[in-house]
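Before any comments, here is the structure.
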Amino acid sequence: MPDTTVNFSFLHRTCTLVLLLCFLHIFVTVLYYVRSLDSRPTFVQNPQQTLQIQRKLKEEVSVVTEELKTSPTVKYRNVTEKALEKCPDPSRLLVGALRVEFSSPVSLELVRKENPALQEGGRYKPKDCVALQKVAIIIPFRKRDEHLKFWLYYLHPILQRQQLDYGIYVINQEGDETFNRAKLLNAGYAEALKEYDYECFVFSDVDLIPMDDRNTYKCFSQPRHLSVSMDKFGFRLPYNQYFGGVSSMSKEQFLKINGFPNNYWGWGGEDDDIYNRLSSKGMSISRPNGAIGKCRMIRHDRDRQNEPNPQRFDRIAHTRDTMNKDGINTLSYSVVRVEKDQLFTKITVDIGKPPK
Ligand code: BGC
């Protein structure tokens, strides 16, 4: 017969042990639970308080978010995070040859409406890429409002397609003294630089319109002559050294020749003097080809107070001797008025009069 007493006592001990283990397990579980209750924040136990704190937190978060949005460092981070690439050269927006004609007049309202991306002062820069150059376009001016309208009408869309970071500066000669194109260009250079860190300067007559948008109004490794085939000259250069109409120069190139002469009063010669300055400094002229460099001139009678300058031949013969004594280093003028339009900045300057 089996020994049931021994079996029963073994079973009893085993059960007791299991029971004890169970109690221990329950005890440990309860202990952990209680401790975890202690370490939870008190507000969790109070629904009223919880709501209040949540509301406060929400307010604080929205204040901080607003501050972050307007903080310059965050703005800077956003910009650099989305760092723009350089615009392609040449721009992919170019269309090539253009139809240019002046039979029906245009209004400034129309030009403003057609160029909504312009900033005050005739400033523009591409939104989706970094422009290859910062270009100031300088237009010597006096009483040519009709021409200026055509110029703005044609040029603004072209310059935007060329993806330049540009500004238009109309430099208006005050008074009725003899016109001085080169001195106005010098003043335009100086005035534009007061506004923005321009690296390239395009000097354009107000009556010249390019007929191809591949003729980019920017600077090159050598000074650039842009109006190379004008209708007025049968779409060819009048002579090899011709540098009139529209030209461009980097700041460095401009300073190397001491800017432009200030003493050419009346029509002619100042562009030849500029050519002489460039060649005396060992620079050559860069040009687009004849097809891309085509441009039209708006026909007009000769301006009053801009008669051919009889001294021009003598002056041109002495550029090398005079260029260091007459230029941007001796420029003197005063600003009479600055007017900002959506399409241009007009700066009226008093540049004095020719010496008697
Ligand atoms: C004058 C220049 C002018 C050119 C073309 C030259 O005789 O000196 O100033 O641009 O003719 O008309």
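Residue separation of Asp303 and Leu21 scaled by 0.36 nm, minus their Cα-Cα distance, works out to 90.2 nm of gained length.
Close amide H pairs (under 5 Å, H built 1.01 Å from N) link Met230 with Phe235, Arg236, Cys295, residues at least 5 positions away or on another chain.
Distance check, please: which entries in Lys134/Lys356; Lys143/Lys232; Lys256/Lys346; Lys294/Lys325 exceed 31 angstrom between their Cα atoms? Over 31 Å Cα-Cα: Lys134/Lys356; Lys294/Lys325.
Legend: ranking of residues Asp213, Asp301, Asp145 from fewest to most surrounding C-beta atoms inside 10 Å; resulting order Asp301, Asp145, Asp213. Stretching Glu85 away from Asp231 to a fully extended chain increases their span by 48.8 nm, per 0.36 nm per residue minus the current alpha-carbon distance. 3J(HN,Hα) along region 102-107, derived from phi through the Karplus expression 6.51 cos²θ - 1.76 cosθ + 1.60 where θ = phi - 60°, amounts to 10, 6, 10, x, 10, 10 Hz, with x in place of Gly and Pro.
Cβ-Cβ distance of Asn324 and Glu252, R₀ of 25 Å, FRET efficiency by 1/(1 + (r/R0)^6): the value works out to about 0.90.
When a/c is below 1.5 the answer is rounded, else prolate if a/b is larger than b/c, else oblate, so apply that to region 259-335 with a ≥ b ≥ c taken from the square roots of the Cα gyration tensor eigenvalues. Oblate is the answer for region 259-335, as a/c is 1.5 or above yet b/c matches or exceeds a/b. Length gained on full extension, Arg112 to Ala291, computed as 0.36 nm times the residue gap minus the Cα-Cα distance: 61.5 nm. Once a ≥ b ≥ c are taken as the square roots of the eigenvalues of the Cα gyration tensor of region 169-234, is the result rounded (a/c under 1.5), prolate (a/b larger than b/c) or oblate (a/b not larger than b/c)? Oblate, since a/c reaches 1.5 and b/c is not below a/b.
We did not get these values from a lab; they are worked out from the coordinates using the rules stated. Nothing here was measured: the structure is a model prediction, and the numbers come from that model. When we count neighbours, we look across all protein chains shown, and the Cβ atoms used for this are built from the backbone with ideal geometry, even at glycine.
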